């Protein structure tokens, strides 16, 4: 028991060091944003450039990049590869960010890596949380001898800490207005930042891009002699329908796919992923149609993906979803309208840097609201959210934490009602922690 308690204290101290040695964007917002690649390159050199020891697929975009990353990783694993997966943020456990074949990085590895890092010399640099974490992931994947790593950018693309890699394939899911204070005030400027992951001579797949955004990405690809494919031009998905709790997709080259992710927005992600596999075939990856179908059918089980139109209870039905900006919330609310219920209960909270006045008009007025906030400095204060929501005709009660809001919604809801929980990944993280959810993929 004493040994177990000491390990728990060591783990807490390790996380404290990672998060608190300097501001972290996910906790502190703008104070933790550290653009530029100099520190990442210095760290990479310190660890002998571990990312060069395996193949890489690099993913950026405004919405869908997490789902796309997990679907790719699941399918590649079913194709017989040992697959590294680096995503952010985490919901419950820091180790969710770094996985090999779905299994989270071990606590012992994280603690040992951080302890050894603290003994090394990195003169003239102060790495951020994300810079250290991405370096740890690259190093871990090399140690675990992965064949291919699926790497999701943290914020943006061009100056993101992960953008030191030269991938076999770059993927940009889509472009929307987000993080304007860092990425630019126009959608074209943001597109330029995201297109910064395109590398010379390496192909790129774009899920969806329109008008000026499309031209920005096309121009970047042309400058770098990179073959570019837009998944929207020749959609792999012919049709889609919900059948017995799954999303059934009829496709051009991969037959009928039963997708474990059921949100309607996964149709676009599926187009992106399947278009990517068409390119990977050309790059001599082992791509098997039955393995792709299995990857889609078992993505949650295989990778531990959470928070994407996730149904965690019935009678009443409780749905949690990570939509947190105008584009993704538009899609989520369209899908919510398809649910059948007597009354709708909305547990919502947002980060302060989101376009709240753009999101609130999208939310249904005929619902009971449970306004809340995640326990992070970035959260929009719940009193402010309540005031803004009232101005948009949304009525509800203030709750100072997610657990209390969920408990109140559960007490008020009847079996034929629906409870929707969302607005922020951090709200979902506290929800999943409160209900004791675990993806069970330990290592």
*Considering only residues of segment 289-317 that are part of a loop (DSSP other than H, G, I, E, B) and at pLDDT 95 or above, which is surrounded by the fewest Cβ atoms within 10 Å (Cβ to Cβ)?*
298
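Could you say whether any residue in segment 361-372 is touching a strand residue (DSSP E or B) at 6+ places or on another chain (Cβ under 8 Å), under 23 Å from residue 90 (Cα atoms), part of a strand (DSSP E or B) and in the same structural domain as residue 408 (by TED's automatic domain parsing)?
So far as segment 361-372 goes, yes, one or more of its residues are touching a strand residue (DSSP E or B) at 6+ places or on another chain (Cβ under 8 Å), under 23 Å from residue 90 (Cα atoms), part of a strand (DSSP E or B) and in the same structural domain as residue 408 (by TED's automatic domain parsing).
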_Could you tell me how many of the residues in segment 246-266 are within 23 Å of residue 320 (Cα to Cα) and part of a loop (DSSP other than H, G, I, E, B)?_
6
*Exactly one condition in (1) farther than 30 Å from residue 78 by Cβ; (2) more than 21 Å from the chain's Cα centre (by Cα) is not met by residue 348; state its number.*
(2)
*asked:* Could you tell me how many of the residues in segment 219-247 are in contact with a helix residue (DSSP H, G or I) (Cβ under 7 Å, 6 or more places away or on another chain) and under 13 Å from residue 199 (Cα atoms)?
replied: 2
_Against the condition farther than 23 Å from residue 288 by Cα and surrounded by fewer than 22 Cβ atoms within 10 Å (Cβ to Cβ), how does residue 111 come out, does it pass?_
yes
_Against the condition touching a residue at least 24 places away in the same chain (Cβ under 8 Å) and under 26 Å from residue 261 (Cα atoms), how does residue 367 come out, does it pass?_
yes
_Please go through segment 395-429 and give me each residue that is within 14 Å of residue 367 (Cβ to Cβ) and within 28 Å of the chain's Cα centre (by Cα), ordered by number._
405, 409, 418, 419, 420, 421, 422, 423
*Determine whether segment 416-437 contains at least one residue that is modelled with pLDDT of 95 or more and surrounded by fewer than 14 Cβ atoms within 10 Å (Cβ to Cβ).*
yes
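Which is over 20 Å from residue 419 (Cβ atoms) and either out of contact with any helix residue (DSSP H, G or I) (no Cβ under 8 Å at 6 or more places or on another chain) or outside the structural domain of residue 244 (by TED's automatic domain parsing) (or both), of 297, 291? If you could, list the steps in order and put the result at the bottom.
Numbers: 291 fails: either out of contact with any helix residue (DSSP H, G or I) (no Cβ under 8 Å at 6 or more places or on another chain) or outside the structural domain of residue 244 (by TED's automatic domain parsing) (or both).
From the options 297, 291, the qualifying one is 297.
Can you pull out the residues in segment 180-200 that are outside any helix (DSSP H, G or I) and at pLDDT 85 or above?
Quick first cut of segment 180-200, residues outside any helix (DSSP H, G or I) only: 184-186, 198-200.
Hits for segment 180-200 are 186, 198, 199, 200.
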_Odd one out for residue 212, checked against (1) in a helix (DSSP H, G or I); (2) under 24 Å from the mean Cα position of the chain (by Cα)_ = (2)
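Restricting attention to segment 89-135, report how many residues are in a loop (DSSP other than H, G, I, E, B), modelled with pLDDT of 95 or more and more than 20 Å from residue 6 (Cα to Cα).
2
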*Inspect segment 377-388 for any residue being buried (at least 21 other Cβ atoms within 10 Å of the Cβ), within 22 Å of residue 343 (Cβ to Cβ) and touching a helix residue (DSSP H, G or I) at 6+ places or on another chain (Cβ under 6 Å) and give the result as yes or no.*
no
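Given 221, 240, which one is touching a strand residue (DSSP E or B) at 6+ places or on another chain (Cβ under 6 Å), crowded, with 16+ Cβ neighbours inside 10 Å and part of a helix (DSSP H, G or I)?
Within the list 221, 240, the selection yields 221.
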*Tell me which of these residue 340 doesn't satisfy, since it passes every other one: (1) surrounded by 15 or more Cβ atoms within 10 Å (Cβ to Cβ); (2) part of a loop (DSSP other than H, G, I, E, B).*
(1)
*Is there a residue being surrounded by fewer than 17 Cβ atoms within 10 Å (Cβ to Cβ), at pLDDT 95 or above, in the same structural domain as residue 421 (by TED's automatic domain parsing) and within 23 Å of residue 410 (Cα to Cα) anywhere in segment 348-358?*
no
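Tell me, which residue of segment 46-88 that is in a loop (DSSP other than H, G, I, E, B) and farther than 16 Å from residue 102 by Cα is farthest from the chain's Cα centre (by Cα)?
48
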*asked:* I'd like to check something: does segment 148-167 contain any residue that is in a strand (DSSP E or B), closer than 30 Å to residue 3 by Cβ, in contact (Cβ under 8 Å) with a residue 12 or more places away in the chain and in contact with a helix residue (DSSP H, G or I) (Cβ under 6 Å, 6 or more places away or on another chain)?
replied: no
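The values are calculated or read from the model by the stated rules, or taken from the named source; none is laboratory data. Everything numeric here is computed off the predicted structure, so don't read it as measured data. Positions of Cβ are backbone-derived with ideal geometry, glycine not excepted, and every protein chain shown enters the neighbour counts.
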